[in-house]
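Written out below as structure tokens is the structure these notes cover.
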């Protein structure tokens, strides 16, 4: 008979993995926020200051980066506006540029 004892620690491992995933989601969201703010049109600076991260559903592994000002959507979508500082698609473009990096990062232990 063997003296080897097997102890299941699956719950602890899952908890550690979930915690790391949440941390990585937040870091990716903060990076997207930073990149988006750099590209957002700037007149008074209100739009750039409005970019926020909503992590209220982090327990469900959901994080939202966005703008809530009434004119933010129009500024984002209107390609014919002539911005002297910033551009349209200021949230979509940085996300599309870095989405493969974010996907790899979220699933890794990137520090």
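No value in this document is a laboratory result; all are computed from the given coordinates. Note that the coordinates shown come from a computational prediction; the quantities given were computed from them, not determined experimentally. All Cβ positions, even for glycine, are placed from backbone atoms using ideal geometry, and neighbour counts span all protein chains on display.
Observations on the model:
- Modelled label reach - residue 80, point 7 Å along Cα→Cβ, region 36-56 residues with backbone N closer than 19 Å: none
- The candidate values were (1) 23.1; (2) 14.2; (3) 16.2; the one computed from these coordinates for Kirkwood radius over Cα pairs in Å carries the label (3).
- Using just its DSSP H runs of length 4 or more, each adding -39500 (n - 2.57), the chain gives a mean residue ellipticity at 222 nm of -16500 deg cm²/dmol after division by all residues.
- Extension reserve of the residue 17-residue 60 stretch, reckoned as 0.36 nm per residue once the Cα distance is removed: 14.1 nm
- Against the main long axis of the alpha-carbon atoms of the chain, helix 10-39 sits at an angle near 10°.
- Nearest-0.05 FRET efficiency for residue 98 and residue 9, computed from C-beta distance (R0 35 Å): 0.50
- When the chain is treated as a GNM with alpha-carbon contacts under 10 Å, the residue of 86, 45, 66 showing the greatest mean-square fluctuation is 45.
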